[in-house]
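So the structure is just underneath, and the comments pick up after that.
Read-outs: derived from the displayed coordinates by stated rules, not from any lab. Because the structure is predicted, anything quoted here is derived from the model rather than measured. Every residue, glycine as well, gets a Cβ built from its backbone with ideal geometry; the counts of neighbours run over all protein chains shown.
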Amino acid sequence: MRQRGNVFVFARDGAARDLIAALRTFQWAVTVFDSLALLHDGLQMQVASALVLVGVWPDVAERAAALRREAPAAALVWQACGATPRERIAALNAGVDACAGGGMEALEWDALLRNLCRRGRRAGSSWRIDLQVRALAGPGGQFLPLTEAECVFFVRLLNAPGHRMRRDELRSKGVSSVREGSRRVDVMVSRLRTKAHRLGIEFPVLAVRGWGYMLLPDGR
């Protein structure tokens, strides 16, 4: 059976063991993170269809807002067992798509994620990253080989199709200088554009003057 999508789950101390097993039963590819820092790192390396946060902590709204900025196209669900109405409202206002209770059955989780992901795909991109061969694959059979840095660049854009991203958000982690990092991003995009042109591929990235870059939602 074909995988439904990639789900990143943030949970501590095995709190989501049953949920993770249930999602895998329904053919979701689940990656579990026990820290939000690791989850953010994961979003630099792989496109996520959905993010699920499990547990209650004081700054959940701020954390949710940061994840929404980083992956605006992904479904974002908070399993908020024991959260107060005020906490749930704050999370929803921060970008959470749905707050789930602790008693949700596997079928309900599957339906919730499928419907949220379906909405996200309407504004998504038809391009995808083939991690096995490290290449950008297009809807018309286009195939653009990528370096490791180029792959990370496209993963970040694919997590936010149709959303402009600043150059400093796209720079490599090892570059501390914003100015130098932004310059390197521009050089990389120029090389990618040349590579795509050489292969007869219409480059699906739009430069946003004075800001950065965005991936065209329809990949064209």
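Of note:
- For trypsin sites (Lys or Arg not before Pro), the sites in the range 1-110 that DSSP calls loop and that have at most 16 other Cβ atoms within 10 Å are Arg2, Arg12.
- For the pair Arg119 and Arg17 in one chain, pulling the backbone fully straight at 0.36 nm per residue adds 34.0 nm over the alpha carbon distance.
- For the range 128-215: relative contact order, % (alpha-carbon pairs under 8 angstrom, 6 or more apart): 28
- The range 59-208: antiparallel DSSP beta bridges as a percent of all, rounded to 5: 65
- The reciprocal of the average 1/r between distinct C-alpha atoms defines the Kirkwood hydrodynamic radius, which for the range 62-181 equals 16.6 Å.
- Note on the range 2-120: Cα convex hull, mean projected area over all directions, 6.7 nm².
- Using R0 = 25 Å, the C-beta based FRET efficiency linking Ile89 and Asp34 works out to 0.40.
- Long-range tail of P(r) for the range 39-85 (Cα pairs > 16 Å, %): 37
- C-alpha center-to-center spacing [the range 84-143, the range 182-218] in angstrom: 25
- Computed over the alpha-carbon pairs of the chain, the distance histogram in 5 Å steps reads 1, 7, 14, 18, 19, 15, 11, 8, 5, 2, 0, 0 percent, short to long.
- The chain: relative contact order in percent, alpha carbon pairs under 8 Å with at least 6 residues between: 17
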